[in-house]
Amino acid sequence: MYKRIALFVCALLPAMAAPAAAQARVEVSGFVGWAFSDGVSGNAVLAADGNIYDRIDPQDSVIYGFSAGYLVTPNVEVGFLYSQQPSKLILGGTRDVEIDEFAVSTYHGYFAYNFGEEDAPLRPFILLGLGATSFGGFDAVFAGQTREISGETQFSGTIAAGVKFFFHKNVGARAAFRFTPTYIKSDAAGWWCDPFWGCYLVGDAQYSNQVEFSGGLTFRF
């Protein structure tokens, strides 16, 4: 009897697993768009050219990338998101000076929620991610000398919202808005005192921000 029950369970397991396997989907997207970027400010410096410079910014430019996600459920998705923004570094103040070309790359693991039914043609989504932003190195000329400026990578988060439109069960288009703030530094903002913890210096955090509008294609497997 037990042998028959075991054989029945073994025969039933593949049938039970089939619907779950059918629900599991992989989505791969490629996108291109435009990124509005800003940098950080600092102490004003009087340069040899007679101008005062007090901030440095990436130039607004095109952005492109891809994402690959696994739908744990028909609505819940986890995955990886990469983007690159080929840009130029701008030294700002009483005059804007282009220093050199460099790239801003982002790497984020993400959690996304897709609204609507699994087979719905229109699926809005929201996305939250954690990872890093990498500012590429470049060569710059200072006082007639060429110097190599190394890149830097900082922790960052990202948040996005958008919509996917599937004109075929496996192929669709996507449009999205994404905001990626990257912590760069903190400036001293003054002293704060209270009767329990005493006095301590507080800082004013500065972030380099990317605001991205993009569109592309999504492939579902």
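The one condition from (1) in contact (Cβ under 8 Å) with a residue 12 or more places away in the chain; (2) surrounded by fewer than 16 Cβ atoms within 10 Å (Cβ to Cβ) that Leu46 does not meet is (1).
If you check Gly93, Gly172, which single one turns out to be more than 22 Å from Asp38 (Cβ to Cβ), surrounded by 15 or more Cβ atoms within 10 Å (Cβ to Cβ), in contact with a strand residue (DSSP E or B) (Cβ under 7 Å, 6 or more places away or on another chain) and not β-branched (Val, Ile, Thr)?
Among Gly93, Gly172, only Gly172 is more than 22 Å from Asp38 (Cβ to Cβ), surrounded by 15 or more Cβ atoms within 10 Å (Cβ to Cβ), in contact with a strand residue (DSSP E or B) (Cβ under 7 Å, 6 or more places away or on another chain) and not β-branched (Val, Ile, Thr).
Summed over the range 73-97, residues that are at pLDDT below 95 and not polar (S, T, N, Q) total 10. Screening the range 127-139 for residues that are among the small types (Gly, Ala, Ser) and assigned to a strand (DSSP E or B) and picking the one that is surrounded by the most Cβ atoms within 10 Å (Cβ to Cβ) gives Gly129. Just to be sure before I move on: is Ser41 surrounded by 11 or more Cβ atoms within 10 Å (Cβ to Cβ), at pLDDT below 80, on the phi < 0 side of the Ramachandran plot and not in a helix (DSSP H, G or I) in the structure I sent? Here the answer is yes, as Ser41 does meet what is asked.
The values are calculated or read from the model by the stated rules, or taken from the named source; none is laboratory data. Just so you know, these numbers come straight off a predicted model, no measurement behind them. Here the Cβ is made from the backbone with ideal geometry for all residues, glycine too, and neighbour counts use every protein chain on show.
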